[in-house]
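For reference, the structure discussed in these notes is given below.
FYI, it's all coordinate maths here, none of it is from the lab. The structure displayed is predicted, hence computed values, not measured ones. Cβ placement follows ideal geometry from the backbone for every residue including glycine, while neighbour counts extend to all protein chains displayed.
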Amino acid sequence: MPGYIAGVGYQQAIGRRAFTTLSILWNFNDDPRYPFNNPLFRFGFLVGI
């Protein structure tokens, strides 16, 4: 089942090679069996080596 999502995100440096990320996404698939509700919030960390 394909899902189409779009949204905006923000990335903040917390060191020379480390970042936090926050994304707010909207699901454009109207199928009630799709496992995600609107809006989708994603938070994460990125670390480069």
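Scanning segment 15-49 for residues being farther than 11 Å from residue 3 by Cα, of a type in the set (Phe, Trp, Tyr) and either touching a Phe, Trp or Tyr at 6+ places or on another chain (Cβ under 9 Å) or surrounded by 12 or more Cβ atoms within 10 Å (Cβ to Cβ) (or both) gives a total of 2. May I ask you to list the residues in segment 4-14 that are surrounded by 12 or more Cβ atoms within 10 Å (Cβ to Cβ) and under 9 Å from the mean Cα position of the chain (by Cα)? Passing the criteria: only 7.
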